1. What are the pairs, 6+ residues apart or on separate chains, where a residue within segment 53-73 that is touching a residue at least 12 places away in the same chain (Cβ under 8 Å) and more than 17 Å from Ala163 (Cα to Cα) has its Cβ under 8 Å from a residue that is among the aliphatic types (A, V, I, L, M) and open to solvent by 30 Å² or more (accessible area, probe 1.4 Å)?
2. Right, Arg355: at pLDDT below 95, under 20 Å from the mean Cα position of the chain (by Cα), open to solvent by less than 50 Å² (accessible area, probe 1.4 Å) and of a type in the set (Lys, Arg) or not?
3. Of everything in segment 408-420 that's surrounded by fewer than 18 Cβ atoms within 10 Å (Cβ to Cβ) and β-branched (Val, Ile, Thr), which residue is farthest from Ser454 (Cα to Cα)?
4. So which residues in segment 403-429 are part of a strand (DSSP E or B) and either within 17 Å of Gln279 (Cβ to Cβ) or among the charged types (D, E, K, R) (or both)?
5. List the residue pairs whose Cβ atoms are under 8 Å apart, where the first residue sits in segment 400-424 and is of a type outside the set (A, V, I, L, M), the second is open to solvent by less than 10 Å² (accessible area, probe 1.4 Å) and at pLDDT 90 or above, and the two are 6 or more positions apart or on different chains.
6. Mind listing whichever residues of segment 34-57 are part of a loop (DSSP other than H, G, I, E, B) and open to solvent by 70 Å² or more (accessible area, probe 1.4 Å)?
7. Which pairs have Cβ atoms under 6 Å, sit 6 or more apart or on different chains, and link a residue in segment 369-387 that is touching a residue at least 24 places away in the same chain (Cβ under 8 Å) and of a type in the set (Val, Ile, Thr) to one that is surrounded by 14 or more Cβ atoms within 10 Å (Cβ to Cβ) and part of a helix (DSSP H, G or I)?
8. Pairs, please: C-beta under 7 Å, at least 6 apart or cross-chain, first residue closer than 30 Å to Gly465 by Cα and in segment 27-45, second open to solvent by less than 60 Å² (accessible area, probe 1.4 Å) and part of a helix (DSSP H, G or I)?
Amino acid sequence: MPQRRSHVAPSAAQTELAAALAELRVSLDAPTEFPAAVLAEAEAAVAPEPDPDLRDIPFATLDPVGSRDLDQAFHLERRGSGYTVHYAIADVPSFVVAGGEVDAEARRRGQTLYAADGTIPLHPKVLSEGRASLLPDVDRPALVWTFALDATGSVEDFRLERALIRSRAQLDYASVQAALDRGEDGPAALLPEIGALRVEQEKLRGGASLNLPDEEVVRTPDGGYAIERRHPLPVEEWNAQLSLMTGMAAASLMLDARVGILRTMPQPDEKSFDAFRHQTEALGRPWTSGRYGDYLRNLDRTDPMTLPVLEAAASLFRGAGYVTFDGTVPSDAEQAAIAAPYAHATAPLRRLVDRWSLSICLAASEGREVPSWARDSLSELPGLMQESGQRASRLDSATINCVEAALMTPLVGQTVDATVIEIRGERASVQLATPAVTASAPLPQGPAPGDVVSLRVLSADITRGEIEFAL
C-alpha cells in the first residue's frame, strides 16, 4: 500500500516539537546513556566460539532499512516435497553475564524503546548493533533452530543448537518485496511459498491477526518529522510467520521441560464477541458466521470501512501477558490469537524476556538442567516486562500525539474534513486524510462510523499533544 506521510518541516513548531520529545524521554525515565560500568562490561564481553560450524549455510537477515540490531537470520530450502528452515537468533545469552552490570541494566530497561529522535536500546550498542548482532559478512555465535516442514507447511520436527554462522546478506522489506514481485531469485525466493503455507496453518489452528495499519513517527531528510501509516507488505507477514513458528516451538520445549515463560492471551468471551458482531452490523460489514480470524483475514483492505472494523476488533485482542511456571504446567497456556502456546524467543537484542526463553530452550534441547540464574529469576520477568511495555506504550502514544499536534498548528482556525472511525459516547475517534492525523472530536447526533464530518481546529498544543476541535 502507498505510504501516507504527513510532514512537520523545520519551523517554530518543529523547535517546540523537538523540546517536547526530549522532555517526554525525561518524564518516562527512559535513559539514553548507559552507566560507565555497564559500557565497560559490554566492551569486554566475548562469546566463546560455538560448535558446530554452520558458516556454510548462506543465512540472510530481513529487517527495516538501516537496521543494525539484527536478531534473526534465515535460510530456506526445499526438502523433498517439503522444506528445511534454518532460523538463527542472536546469541545474547553468550555475551551477558548473569548478575553482571549489563544484565542488571537490561532488567531495568526491559526492552528497546523506539523514540522519534532515536532509539533507547536495551543493551549497549557495542553488543546490540555490533558484536552480538547478526550483521553480514562477519562470524557470529547464534542459537539456530532447524525446522523440517512437510508439503503443507506443518512442522514435522525441529531442533535447537548453539552454532557459528555467517550471514551473507542484509535485506530490507521494500527491496525484497519488489524483487519478489519481479519474480527474481534470491535468499527470500521461498518465503512467499513457505509464508503462505504457514498462514494456512494459522487458519487451520483458528488463529487470528488484527493487521492494523502501522503508524510510525520518522525523521525526514530536511530534519523534520513525519507520521507514516501503511499496511504491512506481504513479505513482512510471511517473515513474521517464521518468528511465530519459532515462538511456538520454544513454548513446546519449555512445556515439555515443565519450566519457562509463555506469552499468553485469553480467548475473548461471548460478551466481547456479541459486542463485536453488533459493531460489524452497524458498520455495514456484518460478521455472520465462521471464526473471527477468518472474517478479519477476508476484509477488503481497500474498503474505507475496513479500518473502523479493525479498530472495533481491537477489543478482542486484549489481556496479553506473561505466565511463568516451574514444575507445574499452566492450565491455560494458549495465546488465543495464535491459537497455540507461544513464547517470545526471537528478539533477544531488543526484548529482555527472550534471553530467558532461549536459555531455557537450549538447556531443554540439550537435555541438561536449566541455568539457575534463569530459573531463580523467572518470577521477576512478568513484572519487568509489564513495566517496560507500559513505558513503551506511553512513549509511542505520547510521541504520536505531540507530532500530530505539530502537524495541526498551521490549520488552527481552519475547517477540515475527517472520517469517523469509532463513536465513544458524545465524542468520536476521527481520521484526517491530510495531514494524516487521528484524533478525538465532539460528535453531534447522526453521523456513524465511515461518515465524513467537517471540523474546525480550535487549538493544537504540541507540548501536551492535544488538539481541540469544534463542529
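1. Here the result reads Leu62/Leu171; Asp63/Leu171; Val65/Ala174, each pair linking segment 53-73 to a residue that is among the aliphatic types (A, V, I, L, M) and open to solvent by 30 Å² or more (accessible area, probe 1.4 Å).
2. So Arg355 fails the test.
3. Val412
4. Scanning segment 403-429 gives Asp417, Thr419, Val420, Ile421, Glu422, Ile423, Arg424, Arg427, Ala428, Ser429.
5. If the second residue must be open to solvent by less than 10 Å² (accessible area, probe 1.4 Å) and at pLDDT 90 or above, the pairs left are Cys402/Ile462; Thr409/Ile462; Gly413/Val457; Gln414/Val457; Thr415/Leu455; Thr415/Val457; Asp417/Leu455.
6. If the condition is that a residue be part of a loop (DSSP other than H, G, I, E, B) and open to solvent by 70 Å² or more (accessible area, probe 1.4 Å), then Val46, Pro48, Glu49, Asp51, Arg55, Asp56 are the ones that fit.
7. Val370/Ile360; Val370/Ala363
8. Once the first residue is closer than 30 Å to Gly465 by Cα and sits in segment 27-45, its partners that are open to solvent by less than 60 Å² (accessible area, probe 1.4 Å) and part of a helix (DSSP H, G or I) give Leu28/Arg391; Leu28/Leu395; Ala30/Arg391; Ala30/Leu395; Thr32/Arg25; Phe34/Glu105.
The values are calculated or read from the model by the stated rules, or taken from the named source; none is laboratory data. Here the structure is a predicted model, which means the values were calculated and not measured. Methodologically, a virtual Cβ is constructed for each residue, glycine included, from the backbone with ideal geometry; neighbour enumeration extends over all protein chains shown. When the accessible area is computed, the model is the full protein with side chains, heavy atoms only, and any ligands, DNA or RNA have been set aside. Shrake-Rupley method; radii C 1.70, N 1.55, O 1.52, S 1.80 Å.
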